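Please read the structure below before turning to the comments.
The values are calculated or read from the model by the stated rules, or taken from the named source; none is laboratory data. Bear in mind the structure is a predicted one, so any value in this text is a computation, not a measurement. Here the Cβ positions follow ideal geometry from the backbone for every residue, glycine too, while neighbour counts run over all protein chains shown. Keep in mind that these areas ignore ligands, DNA and RNA; they rest on the heavy atoms of the full protein, side chains included. Shrake-Rupley method; radii C 1.70, N 1.55, O 1.52, S 1.80 Å.
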Amino acid sequence: MLRVFNTLSRTKEEFQPVNAGKVGMYLCGPTVYKPSHIGHMVGPTIFDTIKRYLVYSGYDVTWVVNITDVDDKLIAESNARGIPMSAVADEMTEDYKNNLKAMGVDTIDVFPKATDYIKRIVEFTQDLIDKGYAYESEGDVYYDVAKFPEYGKLSNRTLEQMSGEGGGAADRKRSPFDFALWKSAKPGEPSWDSPWGKGRPGWHIECSVMSCSILGETFDIHGGGLDLQFPHHENEIAQSEARNGCLMAKYWMHNGLMQASNQVGKVGGRKTRDAEAKEGDYASQEAGKISKSKGASAFRDLLKKFSGEHIRFFLLSSHYRRPIDYSEERLQEVGKGLEGFYRYFKRFEEATGRSFYDLKAATTRADGDAYESEAPIPADFAEFAAIVKGFRNRFLEAMDDDFNTAGGMAVFYDFLRALNKFIEENKLETEKNESAIQALVAGTTVFKELTSTLGLFREPVAEESEQNDALVEPLMNLLIDLRRNAKKNKDFATADEIRNRLKDLGITLEDRPGGVCVWSKETK
């Protein structure tokens, strides 16, 4: 039974979609005015994984990620660069999508742009005025928070605990807590016609209109970072439920924020205080959040140092609701664990003559359940079969418990150790045992089934150029021979020095039974 933590109820609930077998999912996307940074990749990676697991579990999923292509920050960037706002938005949207592709996030179905929904935004806003939930004031339109008694139900705040908008708009509003649905045009700004004069939409109304237009008045999952819970998601609920007269989203899911290495304000600013941000603790997570305003570097620069799969592996190593402690040092630490999987894939190919990446694993849970009868582990390896089945059950239990990828990844490490042990116990690198090979292939295929649900290990790791490989391979064989001879002559100091010096260069030597030594490079 799949259970999901619902921010609205603050409990884990059994997942039961609005329409049986179908899931509508909406994730708040970026405001495209600057290149994406790593914080922008957190939500899409998490919800890409959630969609993969839902599809694996038999659901037909439609996933929408919006693009905010009109906003004060976009206008400011447009003016600073002397180019149209649309040109800035197009450039940064392409950057965002390229980064998603590098991260293996390729399951998004619709990328709606706010400017394509202006007509519907105007109609939605007029409906709210007609129903008494909004009012016009000097060309602006505001939502009257006092007219919606449930305002604050998502963030669990009362009006006394909220801060209203100030600035020049304060004297045009009935209450400081009222928020803009439509903003009157300022000289030189992009604008559109409306019953209240030329202007542009407020931020919150865009998501209400796009989600409703594509997924319906009530859909299943609305996701976003913890920082969007208030005011953005709170305001979406107020707008949508007042206008439509029904629940907006059945399950609200909020991922933890990415923070700079256990410090608050470290990225792009001075350290203000140590913070141990906890799950659901918005204040401490927001204080340390990585953002453009704090100097976060462009994600495309990070991709020059680490592969998208490396970063994805890192992000999924934490439960999605927990804050992510980020630094390049932490990325490197996680990469050492990732290397163990890559080494196994090479070892598997050497033992079986088959590529891990070519294995035809089950793509649905039902197919995986049937796999035992269709491609069973031979009867003389019943104990191994039970171990494999146990790992699969553990993984599914973790993911069924609010998409616990951290628990699932822990299973992967245990599974990996069992697969390596099976190779060693059956001496598959030095002896050919067809029955044992069949068992190993079957077990590894189950392993691939599970990793695929997290979007991991889909393609071989990019290798260096053939010219470099042609030089490196014989040099490594030479060093391995020299080390083997040193050990044979009991010159262990030299043997250890060769291993240690290579390790400093990012090359790992692994001694295996039968005197076999293999090497591998750290991947970025």
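Miscellaneous remarks
- A 1.4 Å probe over all protein chains sorts 101, 346, 51 by accessible area into 101, 346, 51, starting with the largest.
- Note that the range 337-425 presents 46 Å² accessible area per residue, ligands and nucleic acids not counted, probe 1.4 Å.
- For peptides 107-116, 329-338, 446-455, sequence by mean Cβ density within 10 Å, most packed first: 446-455, 107-116, 329-338
- For residue 137, the amide hydrogen comes within under 5 Å of the amide hydrogens of 142, counting only partners 5 or more places away or on other chains and with H modelled in the peptide plane.
- Long-range amide H partners of residue 307 with built H, under 5 Å: 524
- Across all directions, the average flat footprint of the convex hull enclosing the Cα atoms of the range 81-223 is 10.9 nm².
- Cut-off 14 Å, label 7 Å out along Cα→Cβ of residue 90, residues of the range 52-84 by amide N: 83-84
- With a simple spin-label model that places each label point 7 Å from the Cα along the Cα-to-Cβ direction, the separation between residue 435 and residue 327 comes to 5.3 nm.
- Cross-link pairs beyond the 30 Å C-alpha cut-off, checked among 51/305; 12/346; 101/186; 73/198: 12/346; 101/186
- Acute angle (nearest 10 degrees) that the helix 492-504 long axis makes with the longest principal axis of the chain, alpha-carbon atoms: 20 degrees
- For the residues 22, 173, 34, 119, a 1.4 Å probe over the protein chains yields an accessible-area ranking, largest first, of 119, 22, 34, 173.
- Shown for the chain: the carbon plus sulfur share of the solvent-accessible area, taken with all protein chains present and a 1.4 angstrom probe, equals 48%.
- Tensor-based shape of the range 197-253 (alpha-carbon gyration tensor, a/c under 1.5 rounded, otherwise prolate or oblate): oblate
- Area of residue 297 that stays accessible when all protein chains are in place (1.4 Å probe, Å², to 10): 80 Å²
- Diffusion constant of the range 14-118 at 25 °C, which comes from Stokes-Einstein with the Kirkwood Cα-pair radius and 0.890 mPa s, µm²/s: 165 µm²/s
- Our coupling estimate for the range 417-431, obtained by passing each phi through the Karplus curve with A = 6.51, B = -1.76, C = 1.60 and θ = phi - 60°, is 4, 5, 5, 5, 5, 5, 4, 5, 5, 9, 6, 6, 8, 10, 10 Hz, Gly and Pro reported as x.
- Kirkwood-type hydrodynamic radius, the range 335-387: 13.2 Å, calculated from all non-identical alpha-carbon pairs.
- Per residue accessible area of the range 90-190, 1.4 Å probe, in Å²: 52 Å²
- Between helix 203-215 and the chain: long-axis angle, C-alpha atoms, 0 to 90°, nearest 10: 70 degrees
- Inter-label distance for residue 131 and residue 116, nm, one decimal - labels placed 7 Å from Cα along Cα-to-Cβ: 2.5 nm
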